[in-house]
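Here, each number is a calculation from the coordinates, and none is a lab measurement. This structure is a prediction, so every number in the text was calculated from the model and none was measured. Positions of Cβ are backbone-derived with ideal geometry, glycine not excepted, and every protein chain shown enters the neighbour counts.
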Amino acid sequence: MSATTLLIDGSSLAYRAYHAIPVVTAPDGVTETNAVHGFIGFLSRLILDRRPARLWVALDADWRPQFRVDALASYKAHRVAAADDPPDPVEPQIALIVEVLAAYGISTSRSEGYEAEDVIASIAKRTDGPVEVVTGDRDLFALVRYAHVRVLYTLRGVSELAVVDQAWVSAKYGIPGDRYMDHAILRGDPSDGLPGVAGIGEKTASDLLRRYGSLDGILAATDLSPTIRAKLGRGAEYLRGARTVVALAEDCPVTAGDGSIPAASPDEAALRALSDRLGIAGPLDRLRGAVRLASAPA
């Protein structure tokens with residue numbers, strides 16, 4: 001295996017797995033397990049392709065932390081379920097995925113009051129050696145400002161990944177490679193309830209950052225056009241809140257295993273029972289095979 005630490009955004013991959021595979025049910029004929037099947041398949045492929053030395057699957061302890069809501073009330077507000085909304089079909093399967101990971105001995109990580117992205121940022125920041133982050137969430141592009149981190153952005157499952165580093169960010173957005181967070185603040189992200197600065201879209205945000213280098217540099221500039229200065233002035237309250245919301249909490253207290261990838265489950269009896277209950281013998285065999293091949297001498 002390589003010396004790389006692999007950090008997987010568990011929720012992001014679980015939702016992608018759910019949508020990638022038609023509905024599958026456990027032997028009870030009721031419990032849906034397509035996300036479980038897909039997630040184990042993704043994990044097997046990543047272990048075999050990336051051959052990490054250590055691995056953690058990061059989980060949300062709170063998908064909408066209060067400190068972010070306090071900073072910007074619109075943060076993910078549109079995702080809060082109404083009383084008559086149907087239950088999220090993926091959440092129960094994430095719980096099952098966590099059971100499978102625990103039985104196999106794969107480390108999970110979380111931090112009370114924080115999102116998976118904060119957990120990933122905290123582990124990545126304190127890790128020596130190369131780190132690869134697997135996610136479908138662009139927020140984590142901000143981590144490539146650290147030279148030892150790159151993001152494997154899921155384009156199609158995990159078979160097609162964009163390898164995101166500072167050069168990729170610069171080529172894609174036309175901005176300094178370490179300034180993705182500033183770009184995200186300015187342009188906003190409606191999927192997270194972040195409106196951005198009204199009238200400053202992706203292109204204008206790129207132009208401003210290319211010229212002034214950073215959000216602070218833009219705000220301090222004395223030669224901004226009156227139109228841009230007025231837009232920034234009207235968005236001042238949003239900008240204050242968005243800095244807290246968009247910034248990754250890189251020093252949150254993380255609860256995690258040791259990141260080792262076991263050659264065999266520490267409790268095969270429990271894993272077999274879980275396999276029988278969920279009907280996942282095939283995916284688990286593929287996971288065992290991937291671990292075995294990845295740990296074999298080159």
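Relative to the present Cα-Cα distance, how much length would full extension add between L293 and F67 at 0.36 nm per residue of separation?
77.0 nm
Over the alpha-carbon set of segment 99-185, divide Rg by the Kirkwood Rh and report the Rg/Rh ratio to two decimals.
So for segment 99-185, dividing Rg by the Kirkwood Rh gives 1.00.
Rg and Dmax of segment 89-143, Cα atoms, in Å?
Considering segment 89-143 through its Cα atoms, Rg and Dmax are 12.9, 38 Å.
Could you calculate the FRET efficiency of V30 with R210 from 1/(1 + (r/R0)^6), where r is the beta carbon distance between them and R0 is 51 Å, rounded to 0.05? Present the calculation step by step, with values, prior to reporting the outcome.
Details: r = 55 Å, r/R0 = 1.07.
Once the sixth-power term is evaluated, E becomes 0.40.
What relative contact order, as a whole-number percentage, does segment 172-246 give when Cα pairs under 8 Å and 6 or more residues apart are counted?
Relative contact order, segment 172-246: 36 percent.
Tell me what the chain gives for mean residue ellipticity at 222 nm when only DSSP H runs of n ≥ 4 count, each as -39,500 (n - 2.57), the sum divided by the residue total, rounded to 500 deg cm²/dmol.
-13500 deg cm²/dmol
Once every Cα of segment 42-82 carries one equal point scatterer and solvent is ignored, give the base-10 log of I(q)/I(0) from the Debye formula at q = 0.20, 0.34 Å⁻¹, two decimals.
After summing over all Cα pairs, the log10 values are -0.68, -1.18.
Full extension from D88 to E112: what is 0.36 nm times the residue separation minus their Cα-Cα distance, to one decimal in nm?
6.5 nm
Provide Rg over Rh for segment 164-298; use the alpha carbon set for both Rg and the Kirkwood Rh (inverse mean inverse pair distance).
With Rg and the Kirkwood Rh in hand, the quotient comes to 1.24.
Roughly speaking, what is the stretch gain from A81 to D267, that is 0.36 nm per residue apart minus the C-alpha to C-alpha distance, in nm to one decimal?
Gain on stretching A81 to D267: 63.2 nm.
Would you mind calculating the relative contact order of the chain from Cα pairs under 8 angstrom and at least 6 residues apart, reporting the percent as a whole number?
Once divided by the residue count of the chain, the mean separation gives 27 percent.
So what are the radius of gyration and Dmax for the Cα set of segment 172-246, in Å?
For segment 172-246, the Cα-based Rg and Dmax read 11.2, 33 Å.
Given segment 1-113, report the % of alpha carbon pairs whose separation exceeds 22 Å. Write out the running numbers ahead of the final one.
Numbers: 2705 of 6328 pairs.
Taking all Cα-Cα pairs of segment 1-113, the fraction more than 22 Å apart is 43 percent.
Dividing the alpha-carbon Rg of segment 53-138 by 2.2 N^0.38 Å yields what?
That ratio works out to 1.26.
Sequence-distant or interchain residues sharing an amide H contact under 5 Å with D189, placed H: which?
Long-range HN contacts for D189: L194, G196.
Given a cut-off of under 8 Å on Cα pairs at least six residues apart, what relative contact order in percent is computed for segment 180-298?
21
If the viscosity is 0.692 mPa s and the temperature 37 °C, what translational diffusion coefficient in µm²/s does Stokes-Einstein give for the chain when Rh comes from Kirkwood over Cα pairs?
The calculation lands on 160 µm²/s.
Of F67, F141, F42, how do they rank once you tally other Cβ atoms within 10 Å and put the fewest first?
Ranked by crowding around the Cβ, least crowded first: F67, F42, F141.
Which lysines have a Cα lying under 28 Å from the Cα of K125, excluding residues fewer than 8 positions away in the same chain?
Partners found: K76, K172.
Please report, in debye to the nearest 20, how large the charge dipole of segment 1-148 is about its Cα centre when each Lys and Arg carries +1 at its beta carbon and each Asp and Glu carries -1 there.
Approximately 680 debye in magnitude.
Helix by helix, which DSSP H runs in the chain go 30 Å or more along their axis at the Cα atoms and have an average Kyte-Doolittle hydropathy of 1.6 or more? Don't skip to the end; give the middle numbers.
Values: long enough: none.
Helices passing the filter in the chain: none found.
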